[in-house]
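Peer 1: Dropping the structure in here first, questions after.
Readers should treat all values here as calculations from the given coordinates under stated rules, not as data from a laboratory. On a predicted model such as this, the values are computed, not experimentally measured, just so you know. Cβ sites come from the backbone with ideal geometry, for glycine too, and all protein chains shown count toward neighbours.
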């Protein structure tokens with residue numbers, strides 16, 4: 001099933017969304033918010049699934065679904081743990097700075113902001129003093145996960161999958177993903193996809209704990225990248241959730257996010273731009289690093305007023321899966 | 001007024017507690033949980049204050065209040081930002097390791113775990129592989145704070161004050177408070193005082209954004225420390241909340257915590273043990289560092305099965321203010 005939270009109060013108003021994202025029905029008769037549904041998933045999920053079936057058959061009252069009416073599926077979450085799960089991202093950024101490729105034993109983690117997600121169509125205010133970037137990735141929302149759970153158990157505790165867009169101040173982040181100025185400085189806001197989808201609903205687009213369709217990132221109408229999250233992956237979401245739960249239990253509604261998605265080039269080296277037949281990039285920093293390595297000069301600027309970035313995953317038939325995150329940068 | 005959450009479900013059951021912590025009355029008729037009270041404080045606080053008055057006068061049904069029935073006042077919170085606000089702590093730890101005193105421009109911050117606080121009487125499982133410590137400090141719970149709010153505004157947005165006890169793996173933390181193994185490794189659980197108190201209720205024990213009574217830390221029945229949070233303070237809570245809100249707005253129910261409390265010695269050097277007339281220490285690591293500097297050898301072991309640590313603040317009349325955090329270490 002597909003779930004969304006319409007913008008309403010601090011926790012949104014939970015709705016069940018049709019597969020094609022055209023219609024929705026209120027979930028209030030079952031449970032008013034997604035956090036409360038996750039707090040007792042075994043109890044609420046069957047009733048929500050039933051609503052989803054009825055919605056497909058047109059046997060419940062429904063209304064037109066508009067992505068721009070959405071808050072994040074969880075407008076605020078009690079925890080978010082973010083990992084850099086695609087090693088070629090940091091490899092490329094470090095290479096562009098003239099440093100060696102990182103010898104990271106595991107994905108760098110951060111405890112990331114989760115108490116106020118941007119809506120999927122929120123405007124991002126430009127900041128002339130900052131090198132603002134948007135890193136496109138994927139996120140899962142978990143049920144309770146016991147401390148020390150193995151990857152298979154962790155994978156089975158994933159309740160929902162969605163997009164994540166992380167607004168990053170690149171001037172405050174080293175190429176290996178470590179903050180220059182402490183953990184509050186670099187990642188100061190993030191958005192989630194308008195719609196969160198259960199793994200079973202994703203079908204063949206979800207295999208081995210990862211979305212298996214390209215993440216399309218459009219920058220001012222031009223395709224910046226369409227990297228495949230299933231390729232060049234360091235760690236899938238089952239293993240990531242298990243890693244996050246290694247030292248503390250995770251509570252229901254924990255978000256484990258990963259990004260930016262990054263593919264290597266065919267030769268195993270840096271990924272190539274879309275214009276050269278490559279998979280392109282899921283953030284501006286990586287596109288700039290590739291430019292810098294190729295031409296000696298990163299021409300692509302960071303986010304500026306008037307820019308628009310769009311993140312979307314489409315299924316084989318070309319239909320949107322999670323809806324789109326689309327941020328306009330305002331002056 | 002004084003508020004507590006009795007252990008019940010994921011978010012506890014809000015009760016109003018009498019000034020002397022002997023009786024409580026259910027807040028359910030006003031609002032069922034503390035998070036919901038904070039979500040609309042202007043609406044709920046007056047009714048909760050009225051309940052507190054009635055409780056003092058014996059004009060509402062009440063029951064005996066037991067601290068061991070409590071969960072943390074906020075059993076889970078959407079955000080916690082933790083700062084090391086007493087510079088002498090890190091100075092002493094670094095000195096003991098032979099490093100220079102840190103030249104930190106500001107208090108080191110961490111985005112700390114907040115999605116599942118230990119109850120104030122929870123047992124802590126020992127871990128033979130870990131150097132387990134409990135760092136005693138103070139925490140405030142805020143209302144909404146706009147990004148960029150000044151210290152005075154931030155101070156005015158503090159709704160509640162309580163104790164914090166942070167279970168730390170010292171083997172995973174450098175003396176300057178930076179994680180050796182990434183942000184998930186060192187701070188893996190924390191408890192809050194059984195009772196959270198409004199600043200006005202603290203009276204003269206709250207001045208200039210800080211608790212002005214000693215924080216008594218008892219280790220197996222012996223006083224380890226009674227440092228004064230108002231002395232040798234780097235940054236008060238008004239300034240800390242403002243700093244936390246510098247780069248992102250804070251949502252209602254955000255916890256800003258600070259610790260361990262640490263006082264310098266009379267000579268301005270390392271604090272002295274209680275047995276030598278000093279203020280002692282609010283964590284084992286600092287007591288060990290002082291031993292190490294004095295005798296060349298840290299004899300005090302880290303937490304082991306059978307240990308008991310107790311944190312408490314008493315008012316001038318000797319009455320407990322927030323109740324006590326008391327953790328037994330189990331084998």
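Peer 1: Give me B:302, A:44 ranked fewest to most by other Cβ atoms within 10 Å of their Cβ, as a rough exposure proxy. Before the final figure, lay out the partial values.
Peer 2: On the way: B:302 21, A:44 18.
With the fewest neighbours first, B:302, A:44 line up as A:44, B:302.
Peer 1: Taking the DSSP beta bridges in chain B as the whole, what percent of them are antiparallel, to the nearest 5? Intermediate results must be reported in sequence, preceding the final value.
Peer 2: Details: 56 of 63 bridges.
Percent antiparallel among DSSP bridges in chain B is about 90.
Peer 1: Still on this structure: Among A:59, A:88, A:189, which one moves the most in a GNM of chain A with springs linking Cα atoms closer than 10 Å?
Peer 2: Sorting by GNM fluctuation, first place goes to A:59.
Peer 1: Within a 10 angstrom radius of the beta carbon, how do A:294, A:25, B:330, B:320 rank from fewest other beta carbons to most? Walk me through the numbers before you get to the answer.
Peer 2: On the way: A:294 14, A:25 20, B:330 11, B:320 17.
Placing the least packed residue first, the sequence is B:330, A:294, B:320, A:25.
Peer 1: A further question follows. Treating the angle as unsigned and between 0 and 90°, give the value, to the nearest 10°, between the Cα long axis of helix B:41-57 and the longest Cα principal axis of chain B.
Peer 2: Approximately 80 degrees, to the nearest ten.
Peer 1: Below 8 Å between Cα atoms, with a sequence gap of 6+, how large is the relative contact order for region A:80-330 in percent? Provide the component values of the computation, followed by the final result.
Peer 2: Details: 631 pairs, mean separation 73.9, N = 251.
That works out to 29 percent.
Peer 1: Going 7 Å from Cα along the Cα-Cβ axis for the label, what nanometre distances separate residue A:297 from the same residue across the other copies?
Peer 2: 6.8
Peer 1: Something else about it: From the helices alone, meaning DSSP H stretches of at least four residues, give me the mean residue ellipticity at 222 nm for chain A, per-run term -39500 (n - 2.57), in deg cm²/dmol to the nearest 500.
Peer 2: Using -39500 (n - 2.57) per qualifying helix, the result is -5500 deg cm²/dmol.
Peer 1: Exposure proxy check: A:322, B:188, B:28 ranked by fewest other beta carbons within 10 Å? Show your work: numbers first, answer last.
Peer 2: Numbers: A:322 30, B:188 21, B:28 11.
Lowest count first: B:28, B:188, A:322.
Peer 1: Helix B:87-96 sits at what angle to the longest principal axis of chain B, using alpha carbons and giving 0 to 90 degrees rounded to 10?
Peer 2: 30 degrees
Peer 1: Before anything else, pin down the relative contact order of region B:219-315: Cα pairs under 8 Å, at least 6 apart, normalised by residue count, whole percent. Intermediate values should be presented prior to the final figure.
Peer 2: Details: 102 pairs, mean separation 30.0, N = 97.
Relative CO of region B:219-315 lands at 31 percent.
Peer 1: Who wins for biggest fluctuation among A:116, A:278, A:306 in a Gaussian network model of chain A, springs between alpha carbons below 10 Å?
Peer 2: Result: A:306 has the largest fluctuation of those listed.
Peer 1: Along Cα-to-Cβ, 7 Å out, sits the label point; list in nm, shortest first, how far the one on residue B:315 is from those in the other copies.
Peer 2: Reported distances to equivalent positions: 6.3 nm.
Peer 1: Label region B:80-330 by shape, choosing from rounded, prolate and oblate, from the square roots a ≥ b ≥ c of the eigenvalues of the Cα gyration tensor; if a/c is under 1.5 it is rounded, and otherwise prolate applies when a/b is larger than b/c, oblate when it is not. The partial results should precede the final answer.
Peer 2: Details: a/c = 1.38, a/b = 1.32, b/c = 1.04.
It comes out rounded by the Cα gyration axes.
Peer 1: Rounded if a/c is under 1.5, else prolate if a/b beats b/c, else oblate: with a ≥ b ≥ c from the C-alpha gyration tensor eigenvalues square-rooted, which is region B:2-65? Please report the intermediate quantities before stating the final value.
Peer 2: Working: a/c = 2.11, a/b = 1.24, b/c = 1.70.
Taking the square roots of the gyration eigenvalues as a ≥ b ≥ c, region B:2-65 is oblate.
Peer 1: Any idea what angle helix B:284-295 forms with the longest principal axis of chain B, computed on alpha-carbon atoms, 0 to 90 degrees, nearest 10?
Peer 2: 30 degrees
Peer 1: Would you work out if region A:34-123 is rounded, prolate or oblate? Take a ≥ b ≥ c from the square roots of the eigenvalues of the alpha-carbon gyration tensor; rounded if a/c is under 1.5, else prolate when a/b is larger than b/c, oblate otherwise. Working shown, then result.
Peer 2: Details: a/c = 2.77, a/b = 2.31, b/c = 1.20.
Taking the square roots of the gyration eigenvalues as a ≥ b ≥ c, region A:34-123 is prolate.
Peer 1: Suppose we consider the axis relating copy A to copy B; can you name the residue of A with the nearest Cβ and state that distance in angstrom as an integer?
Peer 2: Axis relating chain A to chain B; nearest Cβ residue and distance: A:111, 2.
Peer 1: Still on this structure: Over all residues in B:113-122, what is the mean tally of Cβ atoms on other chains that come within 10 Å of each residue's Cβ? Can you show the working numbers first?
Peer 2: On the way: counts 5, 5, 12, 8, 0, 0, 0, 0, 0, 0.
Per-residue shielding by partner chains comes out at 3.
Peer 1: Put a point 7 Å out from Cα along the line to Cβ at residue B:249; what are the distances to that point in the other copies, in nm, shortest first?
Peer 2: 3.4
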